[in-house]
Amino acid sequence: MKNADAKRLQWLDDLLAEHTQRLGRVGRDENALALRKQMAEARISSNIRAAAKIVAKNQALEIVITNGSVLYGCKDITADIIKTIDAGQD
């Protein structure tokens, strides 16, 4: 009986060790994916800011605001920013 209990305990230890390694790999993969996503978002944000600066300079605009603000009598330069970004990808 002691031998059977020891075998069960060893089997359980082996099983836990194997699953711990798998979970560790999954965790690393998720961290790497999150980092790649964060880097891509930062790169996109940087490209948008750079394009907005170019458009603002070309149109002699002193202030550029995000779409979260509501102002009346302003010019929407979103399409111009998109064109600038697209032109930079050629």
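All of the numbers you see were taken from the coordinates with simple rules; none came from a lab. Computed from a prediction, not measured in an experiment: that's the story for all the values here. Don't worry about glycine lacking a Cβ; one is built from the backbone with ideal geometry, like all the others, and counts go over all protein chains shown.
For region 35-46, 3J(HN,Hα) computed residue by residue from phi via the Karplus equation (6.51, -1.76, 1.60; θ = phi - 60°) reads 5, 4, 5, 4, 5, 5, 5, 5, 5, 5, 4, 5 Hz, glycine and proline entered as x.
Sort 66, 84, 78 so the one with the fewest other Cβ atoms within 10 Å of its own Cβ comes first. Intermediate values should be presented prior to the final figure.
Working: 66 7, 84 19, 78 10.
Sorted ascending by nearby Cβ count, the order is 66, 78, 84.
Let me check I've understood the local charge: for residue 58, count other residues with C-beta under 12 angstrom from its C-beta, Lys and Arg +1, Asp and Glu -1. What total comes out? Could you put the intermediate results ahead of the total?
On the way: positive: 53, 57, 83; negative: 80.
Net of charged neighbours comes to +2.
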